[in-house]
Structure formats: structure tokens, C-alpha cells
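Chemist: The following block contains the structure, expressed as C-alpha cells.
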Amino acid sequence: MPRYDFKPVESRWQQYWDENQTFRTEDAVSEKKKLYVLDMFPYPSGSGLHVGHPEGYTATDIVCRYSRMKGLNVLHPMGWDAFGLPAEEHAVKTGTHPRETTNQNIATFKRQLKMLGFSYDWERELATTDPDYYRWTQWIFLQIFDTWYDSEYEWTGPDGVKRKGKGRPINELPIPSDVKTSGAEAVRRYQDKHRLAYVSDAPVNWCPALGTVLANEEIIDGKSERGSHPVVRMPLKQWMLRITAYGDRLANELDPLTWSEAIKLMQRNWIGRSVGAEVDFKIVPSENGKPQTETPSSIRVYTTRPDTLFGVTYMVLAPEHPLVDTITTSEQKAAVDEYRTKASLKSDLDRTDLAKDKTGVFTGGHAINPVNGEKVPVWIADYVLISYGTGAIMAVPAHDERDYEFAKTFGIEIRQVVAPAPGSGHAADIDNTAFTETGIAVNSGKYNGLTTADFKAQITKDLAAAGVGKEAVNYRLRDWLFSRQRYWGEPFPIWHELDADGNPTGLMRADTAESLPVLHPHMEDFKPTGTPEPMLAKATQEWLFKTDTDGVKLKRETNSMPQWAGSCWYYLRFCDNKNSTNFIDPAKEKYWLPVDLYIGGAEHAVLHLLYSRFWHKVLFDRGHVSTPEPFQKLVNQGMILGEPDENGKAEKMSKSRGNVINPDEVVKDYGADSLRLYEMFMGPLEQTKPWQMSGVEGVYRFLGRVWRMIVDERAETVKLADAVVDVAPTDEQLRVLHKTIKAVTDDIDRLSFNTAISRMMEFSNFMSSQEARPKVVLSQFVQLLSPFAPHIAEELWNVLGHPNTLAYEPWPTYDPALLVEDSVEVPVQFNGKLRSKIVVPANSDAAALEAAARADEQVQKNLEGKTVVKVVAVPGRMVNFVVK
RNA sequence: GCCGGAGUGGCGGAAUGGCAGACGCGCUGGAUUCAAAAUCCAGUUAGAGUAACAUCUAGUGCGGGUUCGACCCCCGCCUCCGGUACCA
């Protein structure tokens, strides 16, 4: 073989690994120490693998191959997040069943991943669309459906941690006696209201273009995350998951995880816990004859600043607030109605677009401020959201920017009640801007002089004592809208009871675990209904209806689950993907969980990771898993941008820009090892970085040099180069080898793959110039290279005379004694500036260093005419003369 | 606006308190070749200086500070990237 020909080598080893099942992980639970390394499994899109995919996959593959050589029992699986809209949209256009499209795409992805030589255990492959898989997705849904959250329950979990709050079986939910006396049906309805999976009639985000409703998390700037289609809000009956019940735990239990602070913060911000108070303002009976006898007779507001209660000069209800009709006077009714209509027509986008200009209408009604008895006018305005807090606020223009703007617009009084604390460096300029800092209370009656923190604590207590308020916690996080109107998602294992006329009674029945999976109905026509009516409503009568054993007529739930469902628990199924009696064997769960290293894109920082943690915690509470968190260590790979343009500016890869790099092409021209090596050599894993084809060329040349270092290029067949001999290595060769072993090992442990590769380049630059290259040294180097470029490494390992694969050869270790050099070059500084270098024995102490430095000619020249104030000598590092 | 991250040669990046620019790309020159590709060798921060070395000066976004010594730590700014936004 004259030159390194990657094609036959790469396909030979891929075949070898396949045939010998080299990377099969033993199914039995082992005594060996385990390592579970997981990639975020891909959505198998029609366009195939993107160069961004192999970045994370190569990183995990390096860790896995390295860890196997270190003797760990490694679990490294791959699967497919295969439900989703594109396959269904394709079905609408072509009539091809989504399953067929999905299977084709999976085949392409699988071929591409195999082409890159990743050491997955393909026996554990799974797709979320497999009935054997979504059977258990539906089963977990039933667990969630069967659970209510007891926020007062104190318990110690299998992890030994004491917690307050637990998801408990619905049959343990205490039923109030008045409900109990109302009969069995009332009890069922009461239970349904408390389940973690429940049906709600609240306004939701309906996206006509996608033909489905979307979760809050799937909406960006008022448009759909996918496709940027407009979204409108309308009330619909939808499934919700009570993720807010777990808000505190989802935020707090992030602490012990090895995740970047940035991602933890994003999750905490998304959860958005805030502590404040709820305060009741009594509604003032109308003065113009309109009777005000309706209950409730007070407006409840939520505030994080109860210390500013004395500064309240008006109140605002969200336009959708139920009390608007009650409080609006007849004079104001027309104006209020008009405003509400306008607000309801505005999309969320419009509402945020107009963020600067405050609008609103006076209702004519008033309420009483509980702290001072003042009559406060009540307005409606769309800057108050019905979906947060109580949908009503007390407005304190002096100390809130939004209220300030509103008050300026409508000429409402601005009353300062907080003064800057002395020495805080803040100033209050109430004539021009709101003062939103904390400080000292003023104009607040008996509370004057209290600090913001003390005032808050005191008034919260006082309000509670008076029965007009209490401490309250609020979350930005909403319950998770869990139903979609599409075909290509998991059907719900739920039936609705029908009355004699065929109308739903509102009562539900769950499928039994044994009857799962609920399969998709056969359909020919995949066109969306164009209305919020789900696709599955077009299914056959047999699929849709049945009569239960007790004679009750039932209709199937026709919504389907969102794409997130399948990815919420796939890491569990990988541990035991063939189990037909359980979603995971408990012993296997105990052994493999948690995932030790999870690598994927930052785009899943809130959605997938939050949902998945939520499901895991429900399973934890119900005793199905033993760890409170699924992913111990998380690393987000940086985005790979396209090639920089002539101005050096690199942009996101996209079809429209025409700068997408196809991994197939790269592998065709340079081979899989080069692609893997390049993606790791580009820069730090977590950093965003531009693609440069010339860089691929660089690592490709490096592999050629490594090949020539070992193989005789001029020979007809693959044989060792003449310089490769069976001799004892020189001291220098040993030192370079052991330095490289140390550096590469440390770098892999730190996931610093770019520097590991540069160390191997240094090694090959050195060794290639050696006239005699000891086999034993080269063999160990090939092992170091093998996690990064496994194909060429396996081949060279063979050429060096080792039979079989090196996948389980013990990882080379270094001898610290060999790293020590006899003499070292040490810089000599004058006032911190480099002036000379001296060569001294490596073990020289500070005094010897200084003496050697003083003996140096350059140093003496620099010392002339100067006074030495101080000498700093750090053995092995440097000498610094402080002179005047 | 708020929260996070980052600013180092022509480019990707290395060095987390001790020789700034490892390694790679690109570029320049040379060797090899009939020629090319491939490969190998040398050079490559800028400026001053030298026949050539030597040597000197400046230099890690900007301004200040701590230190014998700062890309690294502290304070104040600027720019770029990511997240988020009427959340009371």
C-alpha cells in the first residue's frame, strides 16, 4: 500500500466491529464499575446527518473508547426521536405513511453513523415510534395520570434525602366529606381535578398553519418555534401536565448536578420562582345605583413588593379577568367592552410589540387599600397578564417602571414610599423615573423607617393577621400543555365516557397497562382537519368507540402526545430495551442510572431537559426509579458555523445560505477518522466555531504522517517502515512518550480534545524524525490515538504485530519518574521582564537558581549600575531580579 | 432592559498568576521532480536595529488597580454572541 488509503481500512474495521459485536454491552448487571455515556438522540430528518451531530457524538465516542480501555463497563447507545411533524407533512403532500418516511430517514442516519465508526451498542437501538417503545411512553403517562401531588408530604427517598412534597397515588388523595357525600361521580371528578395529568379548558396557543396547539415553550416572539407561523390564543379542552407542582424541586435539585451554571440558570429563570404576597382589596359598592352584591367582593393581587402598599394609586385587572364585568360601572361599560374586544383580537406578538406604549381603560369601579383604607380606582390594561399571578395587580407607579409609564400616560398620582438607603449610592428621581431599588420606607404610616426586607416580612405578617393577605409563591413556569392534534404522535391511553345520547359526560377511563400499546388507527388521508379537531377524530368507528364491560359507551381520546414525550425517558429504556414486562428492570435501573455524561446541543437547555427531569421525578416519587435526577453531568457542544466569507464572518449553516457541509462528502474525500479528528481539533467542545475545510486537510495530513511514521510507503504491501525496529527506546523517546500519555489522558478527562490532538501531533513530529523508532513506543502511541481515529489506529495496531482489536487493550499509563528532565531552562526576569535564560539542573533550589542566574553573562550585564532590591526565585519556574 | 458567555497573530486556537502565540491552517523561501501533485526542510506578532546574529521597544478589546511578576485576580467601560422579556 503506497499511501494511506482510508477507504478499505475504514470499511474493514467497521465490518470487523459489527461482526465481532466488539461494542456490545453485557446485558447482565456487572460487578464492574459502570459508565453511562449518552448522546441526545437525533430527530431523523429527511436531510440526513448534519456536521453538528458528529461533534457531540465523536466527543462521547472518545470518552467511551477510552473508558473501555480503562476497564469500565460502558453503556453507549443510540436511538431515534422519530415522532414529529415533518414526516406527517410529507404524508400530506405525498400520501406516504409517516412510518415509511420515518423508517427511510432512520436508515440514512444509521448508515451515516456507522460510516463514522461510532462504538454504539446497536443491539440497544430504539425509536420512539416503535410500538414496543411507545407502549411504555403510554404506560408512564398512565403513571402520571394516576398521581397527585401532595405538597405537604414529608418523606425520605431512596437517595437518603429528606423532601417535602411527593407525587402519590390518586387513591391516596384525601376526599373532602362534602364531596364524598355527593357520591361516586363527584369523587371521580374531584380526583380528576387533582391528577398530574388533567384536562383543562383554558386558553391555549393554536397554530392554524401547523394544525395543532403548542406549549408555551414552543412559542418564540409570539410565533411557532417551528416554521415561525402565527399563533392565536383560544380556549380549547386540552391535556395539561402539572409540572408547576415540581417547580421548587426542579429548581433546587439542579444544585448538585455537574452542569454549566449557564444552563442551570436558564432552567431556574424559566421556572421563575418568586416569593411575594397575595393581598385582597375590597371592592367598593357602586355609587351610581348599580347593585354590588355579587361575590367575591374583593380583588386579589399578587405582589413581590408588599412594602410599597402605601404607594398604591390605582389597580389593574387583566382584560380577561372575571371580575371586570362585576366592577365596571354602566358609564364605563362601552369603553371597557371595546377595549376587551380589541385586546382579545391582539395576538401575543402584538401585545409584546406594543410593549412601550401603555394602554388601558378605567372601569369606573374602586377598591379599598387594606393598609390605609384609601379608595383606589380600578383599570383594565393588557400589560397585566391573566396567566401570571392572580391576573390583577396593585399599581405603584413610583416604584415600578410599567406602572410609572401608565400613570404618566393617564395622569395618575405617583406617590413615593421608598427612599434610597443612605450610603447605597442610589438616588430617587421620581419626577423622571421609577425608583425600583430597595431602600427605606417613607409615607408609610407606622412602617416608616423600615428597610424593604423588614417591611416585607412585617406587613406580610400583619396582613395575614388581619385576614386580608398571605405570603405567596409564584412561578413563571406554566403547566405543560401536553396534547397535540396530529397523527404522528403517541395516542393517549384514555377513554371518555358517553351518555345515552353519545355526548361526553366529562368522566374518563384509562386503558389498562396490559392493553397497551394503543396503536395508531389506519388512515389513508393525512390532511389536517383545518380546525382544532384532532386528526385522529377521522379514525374508523372501531378505533374510536367501544362499549365497556359495564355497558358504558366510550370514545377514545383523539389528541396525541407532543414530540417531547418520547424523549422524556429514552435514557431509561436504553438500559433494558427488550424488556416486555417492565419499562425497565429495577436492578438494571439501579446499576446504570444516572447517566454519567450527557452531551448535546444547547437548544434543549430548557425544553427537553426540563420535561425529562419532571417525568423522572414523578417516576422517582412513585418508586419506579432510584435517582432523583436523570443526568449527572451535562455538556453542551457549541454550534458549528459555516465557512467564513471573504470578510471573515461565519454564519449559521442553513440551506438558504447554501453553506451546509455534508458529512458524507467530507468522509468521501478525507475519511471518517479525518472528520472525527477535525471536529475535535477545531476548538473547545462547548465553543461556537466556524467550519474550515482547510482544517480538515490539516488533520488528514497528520494522519498521513502517522501512517508514514510506522508504515513503509514505498513497499508494495503494508509492511513496517525500516526505521520501526524492536529496540529499547532512548531516554528521550521514553520521556516524550510518557509526557504524551500524561497529556492525552489528562486532556480526555477534561474533555479537552483539541489540546489532546495537538499533543499527539507534537509526538508524531518528534518521532517521525527519529532514525530508529521502537515498536513498543509506537504501539502505545497508537493506543492513545485510537479513541480519536479508531480505524487507522486499529490498522496500525495490526501492522505493529498485534492480533485482533485494540478496543479493550489496557490504556497506557505513564511513569512520573520518566517525565523529569535532568536539566531545565529557566527564564530570568528583571522587574518582570524577560532578560535571559539559564540552564540549570532540574532539582536546583532557590539559592542555586539565584547563583546560576548571577553567573550568567546577560544577567551580569543587566545588573551593572543597578541596585538589587529583591530576588524572587521559584525552583523550576523562573528567577526575577527586582532592581532600581 | 435583565441574565449568562466571550474578546489573544492573516485565520482556528494554546497558555488560568511565572518564557504570550503550543498545535494546525494560510503565506514566504528552499529541497525533491522533466514538470506537477504529494512529501520533506526553514521562516512567519509588529516596529526599531544588524552584513548576519545579537539586542531593544511595543503587544492578549479600552481605562485603572493588586502583585516581584497579570491574557489570567479586582474595579469601571466598550464590542460581539447566546438566553429572556410588560412575570407585578
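The values are calculated or read from the model by the stated rules, or taken from the named source; none is laboratory data. These numbers come from a predicted model, not from an experiment. Cβ: placed from backbone, ideal geometry, glycine included. Neighbour counts: every protein chain shown. The protein model used for the area step is the full one, side chains on, heavy atoms only, and it has no ligands, DNA or RNA in it. Shrake-Rupley method; radii C 1.70, N 1.55, O 1.52, S 1.80 Å.
Chemist: Kindly provide the set of residues from segment A:392-403 that are within 6 Å of RNA strand B (Cβ to nearest atom) and buried (at least 19 other Cβ atoms within 10 Å of the Cβ), ordered by number.
Modeler: Let us first name the residues in segment A:392-403 that are within 6 Å of RNA strand B (Cβ to nearest atom), namely A:393, A:400, A:402.
Selection gives A:ILE393, A:ASP400.
Chemist: Has segment A:205-213 got any residue that is more than 18 Å from A:ILE494 (Cα to Cα) and surrounded by fewer than 18 Cβ atoms within 10 Å (Cβ to Cβ)?
Modeler: Within segment A:205-213, one or more residues are more than 18 Å from A:ILE494 (Cα to Cα) and surrounded by fewer than 18 Cβ atoms within 10 Å (Cβ to Cβ).
Chemist: Being among the polar types (S, T, N, Q) and farther than 11 Å from A:PRO491 by Cβ is the filter; apply it to segment A:547-570 and report the residue that is most open to solvent (accessible area, probe 1.4 Å).
Modeler: Residue satisfying both the conditions and the ranking: A:THR549.
Chemist: Within segment A:404-431, which residues are closer than 24 Å to A:LEU323 by Cβ and either more than 11 Å from RNA strand B (Cβ to nearest atom) or surrounded by fewer than 14 Cβ atoms within 10 Å (Cβ to Cβ) (or both)?
Modeler: Those that are closer than 24 Å to A:LEU323 by Cβ and either more than 11 Å from RNA strand B (Cβ to nearest atom) or surrounded by fewer than 14 Cβ atoms within 10 Å (Cβ to Cβ) (or both): A:ALA407, A:THR409, A:PHE410, A:ILE412, A:GLU413.
Chemist: Going through segment A:652-693 one residue at a time, which ones are open to solvent by 60 Å² or more (accessible area, probe 1.4 Å), part of a helix (DSSP H, G or I) and away from RNA strand B (no atom under 14 Å from the Cβ)?
Modeler: Correct list: A:GLU665, A:LYS668.
Chemist: Right, here's the next one. Identify, by number, the condition in (1) touching a residue at least 12 places away in the same chain (Cβ under 8 Å); (2) under 30 Å from A:GLU713 (Cα atoms) that A:GLU19 doesn't meet.
Modeler: Only one criterion in (1) touching a residue at least 12 places away in the same chain (Cβ under 8 Å); (2) under 30 Å from A:GLU713 (Cα atoms) is unmet by A:GLU19, namely (1).
Chemist: Are there any pairs with C-beta distances below 9 angstrom linking a residue in segment A:848-870 that is touching a residue at least 40 places away in the same chain (Cβ under 8 Å) and near RNA strand B (Cβ under 10 Å from one of its atoms) to a residue that is open to solvent by 90 Å² or more (accessible area, probe 1.4 Å) and not in a helix (DSSP H, G or I), with the two at least 6 apart or on different chains, and if so which?
Modeler: Taking only residues 6 or more apart or on different chains, not a single pair turns up.
Chemist: Here's something else I'd like to know. Being open to solvent by less than 30 Å² (accessible area, probe 1.4 Å) and closer than 21 Å to A:ALA565 by Cβ is true for just one of A:GLY642, A:GLY638, A:GLY601. Which residue is that?
Modeler: Values: A:GLY642 fails: closer than 21 Å to A:ALA565 by Cβ; A:GLY638 fails: closer than 21 Å to A:ALA565 by Cβ.
Testing whether each residue is open to solvent by less than 30 Å² (accessible area, probe 1.4 Å) and closer than 21 Å to A:ALA565 by Cβ leaves just A:GLY601.
Chemist: Another question, if that's okay. Considering only segment A:59-114, how many residues are among the hydroxyl-bearing types (Ser, Thr, Tyr), free of Cβ contacts under 8 Å to residues at least 40 places away in the same chain and open to solvent by 40 Å² or more (accessible area, probe 1.4 Å)?
Modeler: Looking only at that region, the number is 1.
Chemist: Within segment A:1-40, how many residues turn out to be assigned to a loop (DSSP other than H, G, I, E, B), basic (Lys, Arg) and over 30 Å from A:GLU589 (Cα atoms)?
Modeler: 1
Chemist: So, one more: Does A:LYS538 fit the bill of being farther than 26 Å from A:LEU610 by Cα, open to solvent by 40 Å² or more (accessible area, probe 1.4 Å) and in contact with a strand residue (DSSP E or B) (Cβ under 9 Å, 6 or more places away or on another chain)?
Modeler: It is false that A:LYS538 is farther than 26 Å from A:LEU610 by Cα, open to solvent by 40 Å² or more (accessible area, probe 1.4 Å) and in contact with a strand residue (DSSP E or B) (Cβ under 9 Å, 6 or more places away or on another chain).
Chemist: Moving on to the next point. Would you point out the residue of segment A:437-478, among those that are open to solvent by 80 Å² or more (accessible area, probe 1.4 Å) and within 16 Å of RNA strand B (Cβ to nearest atom), that is farthest from A:VAL418 (Cα to Cα)?
Modeler: For segment A:437-478, the residue satisfying everything is A:ARG476.
Chemist: Step by step: first the residues of segment A:694-718, then only those that are open to solvent by 10 Å² or more (accessible area, probe 1.4 Å) and over 18 Å from A:SER674 (Cα atoms), then the one that is farthest from RNA strand B (Cβ to nearest atom). Which residue is that?
Modeler: Within segment A:694-718, the first condition is being open to solvent by 10 Å² or more (accessible area, probe 1.4 Å), and the residues that meet it are A:694-695, A:697-698, A:700-701, A:704-705, A:708, A:712-718.
Okay, now just the ones that are also over 18 Å from A:SER674 (Cα atoms), so A:712-718.
Values: A:ASP712: 13, A:GLU713: 9, A:ARG714: 11, A:ALA715: 16, A:GLU716: 18, A:THR717: 19, A:VAL718: 17 Å.
Filtering segment A:694-718 for residues that are open to solvent by 10 Å² or more (accessible area, probe 1.4 Å) and over 18 Å from A:SER674 (Cα atoms), the one farthest from RNA strand B (Cβ to nearest atom) comes out as A:THR717.
Chemist: Could you please give the count of residues in segment A:782-811 that are free of Cβ contacts under 8 Å to residues at least 60 places away in the same chain, surrounded by fewer than 18 Cβ atoms within 10 Å (Cβ to Cβ) and aromatic (Phe, Trp, Tyr)?
Modeler: Residues that pass the stated criteria total 0.
Chemist: Out of (1) in a loop (DSSP other than H, G, I, E, B); (2) of a type in the set (Asp, Glu); (3) within 16 Å of RNA strand B (Cβ to nearest atom), what's the single condition that is false for A:ASP501?
Modeler: (3)
Chemist: So, in segment A:236-254, of the ones that are in a loop (DSSP other than H, G, I, E, B) and within 18 Å of A:VAL595 (Cβ to Cβ), which residue ends up farthest from RNA strand B (Cβ to nearest atom)?
Modeler: If we take residues in segment A:236-254 being in a loop (DSSP other than H, G, I, E, B) and within 18 Å of A:VAL595 (Cβ to Cβ), then A:GLU253 is farthest from RNA strand B (Cβ to nearest atom).
Chemist: Anything in segment A:765-786 that is assigned to a helix (DSSP H, G or I) and within 8 Å of RNA strand B (Cβ to nearest atom)? List them, or say none.
Modeler: A:ASN765, A:SER768
Chemist: Can you pull out the residues in segment A:644-662 that are over 25 Å from the mean Cα position of the chain (by Cα) and of a type outside the set (A, V, I, L, M)?
Modeler: Correct list: A:PRO644, A:ASP645, A:GLU646, A:ASN647, A:GLY648, A:LYS649, A:LYS655, A:SER656, A:ARG657, A:GLY658, A:ASN659, A:ASN662.
Chemist: Considering segment A:297-327 alone, what residues qualify as being hydroxyl-bearing (Ser, Thr, Tyr) and open to solvent by 10 Å² or more (accessible area, probe 1.4 Å)?
Modeler: A:SER297, A:SER298, A:TYR302, A:THR303, A:THR304, A:THR313, A:THR326
Chemist: Then there is this: Which of the numbered conditions does A:ASP726 fail, given that it passes all the others? Conditions: (1) open to solvent by 10 Å² or more (accessible area, probe 1.4 Å); (2) within 10 Å of RNA strand B (Cβ to nearest atom).
Modeler: (2)
Chemist: Go over the candidates A:GLU589, A:GLU603, A:GLU524, A:GLU514 one by one and state the one that is part of a loop (DSSP other than H, G, I, E, B) and not polar (S, T, N, Q).
Modeler: A:GLU524
Chemist: May I ask you to list the residues in segment A:854-874 that are charged (D, E, K, R) and open to solvent by less than 50 Å² (accessible area, probe 1.4 Å)? Spell out how you get there, then give the answer.
Modeler: Taking segment A:854-874 and keeping what is charged (D, E, K, R), we get A:854, A:856-857, A:861, A:864, A:866, A:870.
Once the filter is applied, which keeps residues that are charged (D, E, K, R) and open to solvent by less than 50 Å² (accessible area, probe 1.4 Å), segment A:854-874 yields only A:ASP856.
Chemist: May I pose another question? Across segment A:825-853, which residue is surrounded by the most Cβ atoms within 10 Å (Cβ to Cβ) among those that are over 11 Å from A:VAL879 (Cα atoms) and among the β-branched types (Val, Ile, Thr)?
Modeler: A:VAL840
Chemist: While we're looking at this one, here's another question. Could you tell me which numbered condition A:ARG188 fails, if it satisfies all but one of (1) more than 24 Å from the chain's Cα centre (by Cα); (2) assigned to a strand (DSSP E or B)?
Modeler: (2)
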